[in-house]
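Following: one structure in structure tokens, then a few remarks.
The values are calculated or read from the model by the stated rules, or taken from the named source; none is laboratory data. Small disclaimer: the values here were computed from a predicted structure and weren't measured. So basically every Cβ, Gly included, is an ideal-geometry build from the backbone, and we count neighbours across all protein chains shown. Accessible surface is based on the protein model in full, side chains and every heavy atom, while ligands, DNA and RNA are left aside. Shrake-Rupley method; radii C 1.70, N 1.55, O 1.52, S 1.80 Å.
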Amino acid sequence: MRYLIIGAGAVGGTIGGRLYESGHPVVLVARGEHLAALRGEGLRFTTPEGTRLLPVPAVGGPADVTLTTEDVLVLAVKTQHSQALLDEWSVQPVSGPDGRPAGTAGELLPLVCAQNGVENERLALRRFRRVYAMCVWLPSTHLAPGRVSAAGSPCSGMLHLGRFPSGTDDTAAAIAADLAASHFDAPVTAEVMAWKYAKLLGNLGNALEAVAGPIDGDTRTAVWRRVQEEGRAALAAAGIASVGAEQQRATRGDRITLLPLPGEERGGGSSWQSLARGTGDIEADHLNGEIVLLGRLHGVPTPVNAALQRLANEFARTGRAPGSLPEAELAALLDL
């Protein structure tokens, strides 16, 4: 199988880089300065084993590659960018073993949503027949064009994988086997969305970290507890199952220990990195905003998640520096 990584940032770059190093055909899909750096120099990939330049093929979009029935599409962008890419890639022609047109990507190819949040799979299923959900536990960083780092050891990350909305199949098993041979733990599970909803609860802190800095001290910890409480209440009201914290800890064990990387500094998670790179948008609408949506649908108040969603979007829109929310404004959230 050949893997086309649509969105070669922190997560996509790490998955693509690791698969490439283990001998699998990989194509990275990127844009702008990142694409230029990948094409000009290669992927500068840093892990606990060191830094190396990987000459992974890189393209700007589907017009630059010929799809075949042996391809797997891995969507690794933030949710706010998913719809346009799903529209673009789903209609691309796919060649069969004889080189003749066999159908479209949406009809024939598996699409893996290696993304935070729980909306991507629903968006994808409108365009693709074969959708796979991936719960991504992969501490990684992408702050400069052409550069990606992942500090996890002995595994770079844990990637639970299954069919969407549920179930497993031979394709999921084959993808998981390739990942397991590429420095990942990749459990195949029929209940992958329960893992993704558990990850969603953890990701509710992304916006808090992005606007107010590391989640430490009394005020940040108190706000973090509030967003978690609201999240659990909204999922319970909606009747949505999620994997518990103890099961998560037991499954991960000591398989992913973060080690210092010479010359690399991990400043924060994915939302913090969006602000640090000045992308102009952020994923809060599909993390905290998912809880706000469920709360409104099921009559559960979620004022702190709503406030963090608003603040994160304001920071992204106006270019405010990550972590710069004054302590007094943060403390005011506890009175909502």
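Looking across region 289-336, the residues that are in a loop (DSSP other than H, G, I, E, B) and polar (S, T, N, Q) come down to THR302, SER324.
For ILE5, the requirement of being touching a helix residue (DSSP H, G or I) at 6+ places or on another chain (Cβ under 6 Å), closer than 20 Å to TRP137 by Cα and open to solvent by less than 10 Å² (accessible area, probe 1.4 Å) is met. Look at (1) farther than 21 Å from ALA10 by Cα; (2) charged (D, E, K, R); (3) modelled with pLDDT of 95 or more and you find that ARG39 fails only one, number (1).
If I ask for residues that are in contact with a strand residue (DSSP E or B) (Cβ under 7 Å, 6 or more places away or on another chain), touching a residue at least 40 places away in the same chain (Cβ under 8 Å) and small (Gly, Ala, Ser), which ones from region 150-209 would you list? Within region 150-209, ALA150, ALA151, GLY152, SER153, SER156, GLY157, ALA172 meet the criteria.
Under the condition of being small (Gly, Ala, Ser) and either closer than 21 Å to GLY295 by Cβ or outside any helix (DSSP H, G or I) (or both), the residues counted in region 211-225 number 2. Can you find even one residue in region 147-158 that is at pLDDT 95 or above, assigned to a loop (DSSP other than H, G, I, E, B) and open to solvent by 40 Å² or more (accessible area, probe 1.4 Å)? No, the conditions are met nowhere in region 147-158. Does region 249-259 contain at least one residue that is modelled with pLDDT of 95 or more and among the polar types (S, T, N, Q)? No, region 249-259 has no match at all.
Of all residues in region 164-187, how many are surrounded by fewer than 20 Cβ atoms within 10 Å (Cβ to Cβ) and outside any helix (DSSP H, G or I)? Count: 7.
How many of the residues in region 188-197 are assigned to a helix (DSSP H, G or I) and open to solvent by 10 Å² or more (accessible area, probe 1.4 Å)? Count: 4.
Of everything listed in (1) in contact (Cβ under 8 Å) with a residue 40 or more places away in the chain; (2) under 19 Å from ILE15 (Cβ atoms), the single unmet condition for ALA241 is (2).
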